[in-house]
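Notes follow once the structure below has been shown.
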Amino acid sequence: MLGPLQQVLENADLADAVRTDLHTAHRNGLRLLKLVNSLLDFSRVEAGRMQALFTPEDLSTLTADLASNFRSACERAGLALTIDCPPLEESVYIDRDMWEKIIFNLLSNAFKFTLQGGISVQICREGDAARIAVTDTGVGISAEALPRIFERFHRVEESRGRSHEGTGIGLALVRELVRLHGGSISVASTPGAGTVFTVYLPFGCRHLPTAQVGVRAQSTSAVRAQTFVEEALRCLPDTAAPHPAPAEVSRQRIVLADDNADMRQYIQRILGDLYEVIAVADGEAALQEIARQRPDLVLSDVMMPRCDGFGLLAALRATLDTRDLPVILLSARAGDEATIEGLDIGAEAYLTKPFQARELKARVRAVLAKEEARREQESHFHMIADKAPIILWTTDETGACTYLSRQWYEFTGGTPEQDLGFGWLDRTHPLDLDIARAAFLDANRERTPFRVEYRLRGMDGSYRWMIDTGTPRFDETGQLLGYVGCVFDIGERRRMEAILDAQKSRPGTQR
C-alpha cells in the first residue's frame with residue numbers, strides 16, 4: 001500500500017486535491033503499519049519467538065539521536081525537549097530495533113499527555129546498570145490508574161491529552177521489550193505535575209541468552225521515526241483555518257469536533273463546498289465556538305480529550321439556547337447498542353466510522369432539512385401566537401418552558417431570560433406555587449392533558465387569576481416532544497363569583 005502511494009505522490013502533475021487525499025492515505029497507512037507491527041510483536045513475545053539480537057551500543061549517542069526526532073514536534077507544540085545523555089563508561093547490549101520502539105513509544109506517550117512545559121530524556125550510570133528516564137510535565141496519572149498502566153489494551157480513559165486515540169498497546173509492548181533486555185521499567189506520576197518512566201538496563205551481556213548476542217549490520221530507523229513523529233504532529237491543532245465562504249453567499253454553518261486532524265480535514269473537504277465547516281479538536285473547543293456563534297448543526301466524534309461527544313451533547317441539551325441544536329455523532333464503535341446509546345442521549349443521527357462521503361452528505365442534508373422545516377413551523381407558530389389575545393406557550397420533554405408569546409411579557413413585564421425554563425413559576429402567587437408546579441410536572445410525567453388555576457403577578461405587582469391548560473405533543477414514534485398550552489385571564493369571573501358567594505352568605509338572602 002505504502003509503496004504505490006509514495007510512487008504516485010512523486011508525480012508532479014497531481015492536482016492539489018488529489019495530492020491531499022493521497023497524503024492522508026499514506027500517513028494513515030503508516031499508522032496502520034505501526035499498529036500491525038505492534039500486534040505482531042506481541043504475538044511473537046507471547047509465542048516466545050521474538051528474534052532479538054543484542055549488540056554492544058553507545059546507548060547515550062543512540063538514544064540522543066532517537067530522541068532528537070521529536071524536536072520539531074515539540075517546538076511546534078511549544079514544549080521544551082531536553083536531552084541529557086552524557087557518555088557511559090561501558091557499552092550496553094541492546095537490540096537496536098527494539099530500543100527504537102522503546103524510546104519512540106515513551107516519547108510519543110509523553111508528547112501526547114504534555115500540554116505545557118517540556119519533556120526530558122536523561123541517561124546516567126546507576127550501579128551496574130544504565131538508567132534511562134523519560135520525564136514530562138504533563139497531566140499525570142491518577143493513583144488508581146497507575147498500577148494498570150503497563151497492561152496491554154488498557155487505556156486511561158479520563159486522562160486529558162492531545163488526543164483520545166490509542167489502543168493501549170504502546171506501554172505494554174515497552175515493558176515486554178525491556179524485559180527481553182533483562183532490564184526493568186517503572187513509572188512514577190503526580191496528577192497535574194507530570195510523569196517519569198525509568199528504564200534500567202544492566203551493563204555487559206551475562207544476563208542475555210548467549211545465542212542472541214552478536215554483531216549485525218546497522219539498521220535504519222527512518223521509517224519508524226517518521227511514523228511516530230507524524231502521529232505526534234497530527235495531535236497538534238490545525239495551523240490552516242478553513243476557507244471562509246464568499247461574502248455574498250450565505251451558507252449553513254457546521255461545527256465539527258474531532259481529535260483526529262486527518263478526519264477533520266477529510267470532513268472539511270467533503271462538506272466544505274456546500275457548508276461553512278468550523279473544525280475544532282475537542283468538545284470544550286466546540287462549546288466555545290458554539291457560544292461565539294450558533295451553528296446550524298454539530299458533528300462530533302464520541303471519543304475525544306477534555307470533553308467527549310456525549311459530554312458535548314449533554315452540555316448542549318442542558319442549555320436553553322442550544323437544547324434544540326441538532327447533533328450528529330461520529331464513532332468507531334459499531335453495532336446497534338452503540339447507535340441506540342447515541343440516539344438515546346439526544347443525537348439526531350449516529351454514523352459509524354468508516355463512512356462513505358455520500359452517506360455523510362446524505363445524513364447532514366437530511367438533518368439540516370428537518371431542522372429547517374422545524375424552524376419554519378416554529379416561526380409560523382410564533383407569528384400566529386404573538387397575535388393571539390391570550391398567552392400561548394410550549395415546553396420541551398422535560399417540562400421546561402421553551403416559548404412564551406408576546407401577551408405573557410406584556411402582562412408580566414418579564415423577559416425570555418427570566419421566564420423561560422422554569423423561571424415563569426417565580427411569577428405565580430406564593431400560595432399557588434406548589435399547585436402550579438405539581439400540575440405541570442405530574443402531567444409531564446403521566447403524559448396527559450392538564451388544567452390548573454393560579455394567580456399570576458402582573459408588572460404592577462398585583463395578582464390576577466388565570467386558567468392554564470396544556471396538551472402533550474408526540475412524534476411519529478410516540479416519543480413525548482413536550483406540551484403546548486394557553487393561559488387566559490379569569491380575574492373578572494373570579495371577582496363575580498366572589499360577589500355571588502358573598503350575597504348568598506348574607507342572612508335572608510333569596511336562595
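Within the stretch 372-404, being touching a strand residue (DSSP E or B) at 6+ places or on another chain (Cβ under 7 Å) and either assigned to a loop (DSSP other than H, G, I, E, B) or not polar (S, T, N, Q) (or both) holds for H382, A385, I390, I391, L392, W393, D396, E397, A400, C401, Y403, L404. Scanning the stretch 439-464 for residues that are outside any loop (DSSP other than H, G, I, E, B) and under 39 Å from the mean Cα position of the chain (by Cα) yields A439, F440, L441, D442, A443, N444, R445, E446. Looking only at residues of the stretch 465-481 that are assigned to a strand (DSSP E or B) and among the charged types (D, E, K, R), we find that the one that is surrounded by the fewest Cβ atoms within 10 Å (Cβ to Cβ) is R473. Would a scan of the stretch 261-283 turn up a residue that is closer than 30 Å to C401 by Cα and part of a helix (DSSP H, G or I)? Yes, because at least one residue in the stretch 261-283 is closer than 30 Å to C401 by Cα and part of a helix (DSSP H, G or I). Can you find a residue in the stretch 453-464 that is surrounded by 18 or more Cβ atoms within 10 Å (Cβ to Cβ) and under 30 Å from D344 (Cα atoms)? Among the residues of the stretch 453-464, not one is surrounded by 18 or more Cβ atoms within 10 Å (Cβ to Cβ) and under 30 Å from D344 (Cα atoms), which makes the answer no.
Does V178 fit the bill of being at pLDDT 85 or above, aliphatic (A, V, I, L, M) and either in a loop (DSSP other than H, G, I, E, B) or out of contact with any helix residue (DSSP H, G or I) (no Cβ under 8 Å at 6 or more places or on another chain) (or both)? Here the answer is no, as V178 does not meet what is asked. One residue stands out among those in the stretch 4-52 that are among the hydroxyl-bearing types (S, T, Y) and within 21 Å of R179 (Cα to Cα): the one that is surrounded by the most Cβ atoms within 10 Å (Cβ to Cβ), which is S38.
Among the residues that make up the stretch 423-441, is at least one of them polar (S, T, N, Q) and touching a Ser or Thr at 6+ places or on another chain (Cβ under 8 Å)? No, every residue in the stretch 423-441 fails to be polar (S, T, N, Q) and touching a Ser or Thr at 6+ places or on another chain (Cβ under 8 Å).
Can you confirm whether the stretch 184-203 contains a residue that is at pLDDT below 90 and either assigned to a strand (DSSP E or B) or under 26 Å from D128 (Cβ atoms) (or both)? For the stretch 184-203, residues at pLDDT below 90 and either assigned to a strand (DSSP E or B) or under 26 Å from D128 (Cβ atoms) (or both): absent.
Annotation for the stretch 80-94: no member residue is surrounded by fewer than 19 Cβ atoms within 10 Å (Cβ to Cβ), β-branched (V, I, T) and over 26 Å from A133 (Cβ atoms).
Filtering the stretch 351-387 to residues that are in contact (Cβ under 8 Å) with a residue 24 or more places away in the chain and either surrounded by 17 or more Cβ atoms within 10 Å (Cβ to Cβ) or not charged (D, E, K, R) (or both) leaves F355, A357, L360, R363, V364, V367, L368, E371.
The values are calculated or read from the model by the stated rules, or taken from the named source; none is laboratory data. Every value quoted in this text rests on a predicted model; they were computed, and no experiment measured them. FYI the Cβ positions are ideal-geometry reconstructions off the backbone, even for glycines, and counts take in every protein chain you see.
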